[in-house]
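A quick write-up on the structure given underneath.
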Amino acid sequence: MSVPYETAAYEPAESPESPEEHLARLLGRALNSFELPDETIRRLDCALAHDSSLHSAHHSAGLHRETYRHTWLLPDGAALTLWELVHNTGRSGEPQHEVYVDEEELRAATARLPLPPDDSEFELPALVQLSPVPPPRHVYVPDDSADHARRLLRRAENPDRPGAETAALLATASAHQITQAFGRPCRAGRAGLCFSLYEHAFLLRDGREVALWEVEHTATPDGRHMCEVYTSEEAAREAMERRAAQLS
């Protein structure tokens with residue numbers, strides 16, 4: 001799918017994996033992938049987009065454990081998650097990968113390792129300890145950012161797009177950064193159906209940060225390209241699932 005505006009700003013340095021490629025790589029390195037239900041694999045084979053994130057980690061005396069959340073957007077609008085456990089507690093000391101369908105299975109596998117279990121909220125306690133001064137969330141580029149915000153809001157077609165108050169606030173933007181958060185422009189699932197999610201982070205003159213979330217998709221009756229903009233990631237992801245469900 002061609003992007004009719006600011007193509008260079010939206011393309012990452014290297015094209016990300018397709019949902020199918022990411023699934024194949026995950027299953028290929030997991031020692032227990034054969035235990036996954038066949039129905040789960042069948043559903044993931046037609047995924048439209050995917051997202052991965054570090055969920056928790058612990059490092060102690062040369063041993064380490066990380067858990068990752070891998071989520072796929074399905075054609076019916078549902079989201080399916082696999083949990084990956086990576087650790088080096090085996091005899092060889094080499095990293096081992098395991099994959100699980102739900103969090104309870106992941107918790108049980110984690111509890112068997114010779115490392116402290118995760119806390120009750122299953123967050124990132126170890127990562128907080130690694131760096132006393134958290135790095136900046138964004139690397140901003142001063143590049144006519146107020147005009148970029150204006151054009152972003154102007155091309156949004158969703159009725160609940162940010163209004164005049166947000167536009168006035170972003171008129172004071174001095175820098176911005178665009179990050180691809182989910183998927184990529186590609187043909188996946190149903191022929192021609194594509195989803196991508198971008199975060200547009202703006203730095204205001206008073207030092208505040210404001211983010212808008214842009215959904216690009218072709219889930220329209222005539223298959224045309226459409227842009228929607230939301231003020232939160234949650235609202236943007238809900239829109240992606242809603243659009244996919246409408247055309248499933």
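Quick look at the numbers
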read-out	value
Scan of the range 190-243 for residues that are part of a helix (DSSP H, G or I), of a type outside the set (A, V, I, L, M) and either within 18 Å of A47 (Cβ to Cβ) or in contact with a helix residue (DSSP H, G or I) (Cβ under 6 Å, 6 or more places away or on another chain) (or both), ordered by number	R237, E238, E241, R242, R243
Residues within the range 23-50 that are farther than 18 Å from E241 by Cα and in contact (Cβ under 8 Å) with a residue 40 or more places away in the chain, tallied	11
Matching option when the condition is at negative phi, polar (S, T, N, Q) and within 18 Å of the chain's Cα centre (by Cα), among T71, T110, T89	T71
Top-ranked residue of the range 76-107 - restricted to ones that are among the aliphatic types (A, V, I, L, M) and not in a loop (DSSP other than H, G, I, E, B), ranked as nearest to F195 (Cα to Cα)	A79
Helices (runs of 4 or more DSSP H) lying entirely in the range 1-60 (those with 3 or more residues that are modelled with pLDDT of 80 or more)	19-29, 38-44
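The values are calculated or read from the model by the stated rules, or taken from the named source; none is laboratory data. As the structure is a computational prediction, the values presented were derived from the model and not from experiment. Backbone-built Cβ (ideal geometry, glycine too); neighbour counts: all protein chains shown.
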